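A short write-up of the structure that comes next.
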Amino acid sequence: MNTRLLREDQVDQAAAILRAGGLVGIPTETVYGLGANGLDGEAVSRIFQAKGRPQDNPLILHIPEASWLERYCQEVPPQAWALAEAFWPGPLTMILRHKPLVPRAVTAGLDTVGMRCPGHPVCRAILAAADVPVAAPSGNTSGRPSPTTARSMLEDMAGKIDAIVDGGSCSVGVESTIVDLTCTPPRLLRPGGVTLEQLRAVLGEVAVDPAVTRLMGAGEQPRAPGMKYRHYAPKAPVTVVTGEPEAAARYIAGAAAPGDGVICFDEFAPLFSGHITQLLGSAGDKGAQARHVFEALRAFDHTGVEAIWAQCPDSAGLGLAIANRLGKAAGFHIIHLEEGTP
Ligand code: AMP
Ligand code: MG
């Protein structure tokens, strides 16, 4: 199959492919998604083949406006409308109980479905033109870092899908925040562009699923099947070092072997002149760090590095999402420096 690269003004062609049961790479503000008509179970099942994704890992249903929640969800609690009012269109996915018309391929057999109304103008135009909900996970091969450019998505999906629409670099850079509204209190399943602090400002108490900050132990049942899978991993093993940025940079400079790769905050690049380095963004700019984290992880696959060391922000605000992606890329192999480490 020849994968066509469409321009952002070729929205009608993308919509026609979706309506005909094809697969299209769609730009969103979070990461590129691999979309199919969310009401067409056969089309959706082809997403799993293209990605090599385990069948029990559910997808998110993308809708053009919040009013569509009632078409696909059994009960839409007041909390969902309050979140939609505050954060949609935007990088937030809500878990709600679904109606019977949502195909099993989308939900992996759960009685719930993830719903999101994305903010990227090209994505919104595709959803409006297709006039169907679009089921999509991230547009990477299963297990790899998510793509935040059309070129990265093409790297994984060339020959496997019908088209990719190039909508530029993603402005958020990490996947949507996922909050489960079917439990009390609501539970954060994945941190993302909408922060935990922002969720709490609207919802009050919000629990944080343990899988957000650590590896699930053997025998532990994750809240959603997808949470148990290895994620975002480049080919070389990753070690994350947390703590005060300068101390972490010095630690890595001392610990990294000559051929190792380093992901560091911009200001510390001079410490790593002998290494292949990817810049995460300035230590104080979590927006930049979120935009760069996946491309930084991917870049090492084009080099021969055998190990990767990564600096990591604190977990306030967007930092929780960045730390979660780095932690997962590292299999939660994390060195926590004590405060005051020289
Ligand atoms: P991806 O964006 O590639 O991570 O794929 C969609 C994400 O949404 C996965 O992490 C899924 O586990 C999650 N997800 C989708 N539907 C549900 C659901 N009903 N309950 C919990 N998580 C879900
Ligand atoms: Mg994914």
*Determine, for 238, 208, the number of other Cβ atoms within 10 Å of each Cβ, and report the residues in order from fewest to most.*
208, 238
*Which order results if 59, 110, 83 are arranged by neighbouring Cβ count within 10 Å, fewest first?*
110, 83, 59
*Taking only pairs that are 8 or more places apart or on different chains, how many Lys pairs in the chain have Cα atoms under 17 angstrom apart?*
5
_Need the full-extension length gain, residue 16 to residue 85, defined as separation in residues times 0.36 nm minus the C-alpha distance. One decimal, nm._
21.8 nm
_Can I get the semi-axes of the chain's equivalent ellipsoid? Compute them from the C-alpha gyration tensor as square roots of 5 times the eigenvalues, in angstrom, largest first._
33, 23, 17
_Expected 222 nm ellipticity per residue - DSSP helices of 4 or more, -39500 (n - 2.57), all of the chain, to 500_ = -8500 deg cm²/dmol
*What is the fewest-to-most order of 156, 9 by other Cβ atoms lying within 10 Å of their Cβ?*
9, 156
*How large is the charge dipole for segment 185-342, taken about the Cα centre, if only the Cβ atoms of Lys, Arg (+1) and Asp, Glu (-1) carry charge, to the nearest 20 debye?*
720 debye
*asked:* Can you compute the modelled spin-label distance between residue 151 and residue 182, with each label point 7 Å from Cα toward Cβ, in nm?
replied: 4.1 nm
*Can you pull the one-decimal nm distance between simple spin-label points at residue 333 and residue 97, each 7 Å off the Cα toward Cβ?*
4.4 nm
*Proximal charge balance of residue 179 [Cβ under 14 Å; K/R count +1, D/E count -1]*: 0
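Each value in this text was obtained by applying a stated rule to the coordinates, not by laboratory testing. Predicted model only: the values in this text are computed from it and were never measured. Please note: Cβ atoms are built from the backbone with ideal geometry, for glycine as well, and neighbour counts cover all protein chains shown.
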